[in-house]
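**Q** Sharing a structure with you now.
Readers should treat all values here as calculations from the given coordinates under stated rules, not as data from a laboratory. Just so you know, these numbers come straight off a predicted model, no measurement behind them. Because the Cβ atoms are built from the backbone with ideal geometry, glycine has one as well, and the counts that use them run over all protein chains shown.
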Amino acid sequence: MSLIVTGSIGIDTIHTPIGQAPDVLGGSAIYFAAAASFYGPVRLVGAVGDDFPDELEKPFHHFNIDLAGMEKRQGSKTFRWTGKYLDNMNDRETLSVDLNVLAEDLPPVPAAFKDSQYLFLANTHPGGQLALLEQFPAAKLVVADTMDLWIQTEKDLLTTLLGKIDGLVLNDSEAHLLTGETNIVKAGEAVLAMGPKFVVIKKGEHGAFLLHQHGAVALPAYPAKDVVDPTGAGDTFGGGMMGHLAATGGNTSLGNLKKAMAAGTVVASYNIEAFSLGRLMEIGQPDLDMRFAEYAAMLDVGA
Ligand code: AMP
């Protein structure tokens with residue numbers, strides 16, 4: 001299905017009300033790629049520094065991810081992020097962020113990746129997102145994610161990016177920051193006015209809202225009881241969503257986007273059951289199918 005992603009690959013330290021995980025594998029591209037790989041092969045482009053421990057590479061090989069575009073850059077340091085979740089396990093603060101290699105050039109895209117049709121620009125410096133995008137002028141579907149840091153520090157680059165993509169995925173607070181609108185529908189309309197054909201606004205434990213030129217969709221989150229670490233929920237949602245879209249020929253009809261959002265919701269609901277990629281490494285297709293059926297039954301309100 002030739003799905004390619006760039007984004008952050010990092011070392012995270014996570015604090016939650018029920019425990020801590022120091023120096024674990026994280027990064028938007030890693031969570032995205034792991035989730036999307038349940039739907040087909042994923043190509044990853046990104047860099048870590050020469051301090052990246054071999055130990056953290058293990059999960060890369062567990063999933064169906066082509067790592068030919070991943071560089072361990074000598075003389076550079078790996079992206080690091082430390083976050084703390086509040087008691088509600090939904091809101092979080094960033095305690096520290098060290099961009100390091102994320103602020104440098106993107107590694108070259110391998111020749112074997114040049115036929116990629118589906119691009120996901122996971123949350124990272126918009127300069128890196130644009131650098132990948134510019135190499136795929138004929139891509140069939142391009143979707144990007146972003147966050148508050150980039151809206152605050154790189155608004156011009158982000159605005160350029162928005163004019164070149166098909167879809168944008170972001171949190172409700174980020175949609176507000178980007179557009180100045182507090183109402184989710186008005187924020188979605190303001191994003192569409194910046195260029196994308198559709199926008200998915202994520203609302204954490206309250207689900208996700210899609211605004212598309214042909215209508216809107218609102219889906220709840222899967223009601224999760226045992227939340228251990230919400231990190232990567234947004235990225236794995238994006239991975240499941242884009243994995244489904246790539247596996248279905250890039251069909252962005254309202255109905256297919258709704259199914260894609262449901263796929264993203266289900267894979268994200270597993271991801272939050274353990275720190276880092278722990279839970280995604282344990283599950284397989286039957287687990288996803290089972291929870292998808294349960295979620296679909298829950299949404300069925302009759303005709
Ligand atoms: P999510 O919980 O889906 O928003 O994603 C969390 C992941 O995003 C963590 O693994 C972090 O390493 C990564 N992350 C945090 N801040 C940034 C940033 N400014 N740019 C790129 N990735 C980030």
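**Q** In the chain, which longest range has no GluC sites (Glu not before Pro) that are both DSSP loop (not H, G, I, E or B) and surrounded by at most 12 other Cβ atoms within 10 Å?
**A** Result, exposed sites excluded: 135-281.
**Q** Over all directions, average the projected area of the Cα convex hull of segment 7-157 and note it in nm². It would help to have the intermediate numbers written out before the result.
**A** Details: hull surface 38.5 nm².
Quarter of the Cα hull surface area: 9.6 nm².
**Q** Something else: Going down the table (K72/K202; K77/K140; K202/K225; K164/K259; K72/K203; K84/K202), which pairs top 27 Å between alpha carbons? Numbers along the way, then the final one.
**A** Values: K72/K202 32 Å; K77/K140 34 Å; K202/K225 19 Å; K164/K259 24 Å; K72/K203 34 Å; K84/K202 19 Å.
Flagged as over cut-off: K72/K202; K77/K140; K72/K203.
**Q** Whose amide H sits under 5 Å from the amide H of G49, counting only residues 5 or more places off or on another chain, with H placed in the peptide plane?
**A** R73, T78, F79
**Q** How much of the pair distance distribution for the chain lies past 27 Å, counting alpha-carbon pairs only, in percent?
**A** Numbers: 16008 of 45753 pairs.
Value for the chain (Cα pairs over 27 Å): 35 percent.
**Q** So if the hydrodynamic radius of segment 175-279 is defined as the Kirkwood radius over C-alpha pairs, what does Stokes-Einstein give as its diffusion coefficient at 10 °C and 1.306 mPa s, in µm² per second?
**A** Translational diffusion coefficient: 112 µm²/s.
**Q** Right, next: Rounded to the nearest 5, what % of the DSSP beta bridges within the chain are antiparallel ones?
**A** Details: 22 of 55 bridges.
Roughly 40 percent of the beta bridges in the chain run antiparallel, per DSSP.
**Q** Beyond 16 Å, how much of the Cα-Cα pair distribution for segment 260-303 remains, as a whole percent?
**A** Details: 361 of 946 pairs.
It works out to 38 percent of all Cα pairs.
**Q** Using 0.36 nm per residue, how much length does the chain from V185 to D300 gain when fully extended, once their Cα-Cα distance is taken away?
**A** Stretched fully, the V185-D300 segment lengthens by 39.0 nm.
**Q** Anyone know which of V169, V143, V228 comes out most mobile in the 10 Å Cα GNM of the chain?
**A** In the Gaussian network model the winner is V228.
**Q** Dipole size in debye (nearest 20) for segment 121-218 around its Cα centre, Lys and Arg Cβ +1, Asp and Glu Cβ -1?
**A** Dipole about the Cα centre, nearest 20: 260 debye.
**Q** Sticking with the crude label model, points 7 Å out along Cα→Cβ, report the distance from A224 to S253 in nm, one decimal please.
**A** Distance between label points: 3.1 nm.
**Q** Charges at C-beta only: +1 for Lys and Arg, -1 for Asp and Glu. How large is the resulting dipole of the chain about its Cα centre, in Debye rounded to 20?
**A** Around 760 debye, computed over the chain.
**Q** OK, next. Once whole DSSP H runs in the chain are found, which of them have Cα atoms spread over 18 Å or more along the helix axis and a mean Kyte-Doolittle score of at least -1.0? Mind showing how you got there, number by number?
**A** Details: long enough: 233-247 (21 Å, 0.43); 254-271 (26 Å, 0.37); 285-299 (21 Å, -0.12).
Those that pass (Cα extent of 18 Å or more, hydropathy at least -1.0) are 233-247, 254-271, 285-299.
**Q** Further question on the same structure: Can you pull out the chymotrypsin sites (Phe, Trp or Tyr not before Pro) in segment 77-154 whose DSSP state is coil and whose Cβ has at most 13 other Cβ atoms within 10 Å?
**A** none
**Q** If the only charges are +1 at each Lys and Arg Cβ and -1 at each Asp and Glu Cβ, what is the size of the charge dipole of segment 3-74 around the Cα centre, to the nearest 20 debye?
**A** 260 debye
**Q** Full extension from M290 to A111: what is 0.36 nm times the residue separation minus their Cα-Cα distance, to one decimal in nm?
**A** 60.6 nm
**Q** Cross-link candidates for K197: which aspartates and glutamates have Cα within less than 16 Å, leaving aside residues fewer than 8 places away along the same chain?
**A** Those aspartates and glutamates meeting the cut-off are D145, D166, E189.
**Q** Label point 7 Å out from K84 along Cα-to-Cβ: which residues of segment 1-32 have amide N under 20 Å?
**A** Residues 11-24 qualify, since their backbone N sits under 20 Å from the label point.
**Q** Just subtract the alpha-carbon distance of A193 and K140 from 0.36 nm times their residue separation and send over the number in nm, one decimal.
**A** 17.0 nm
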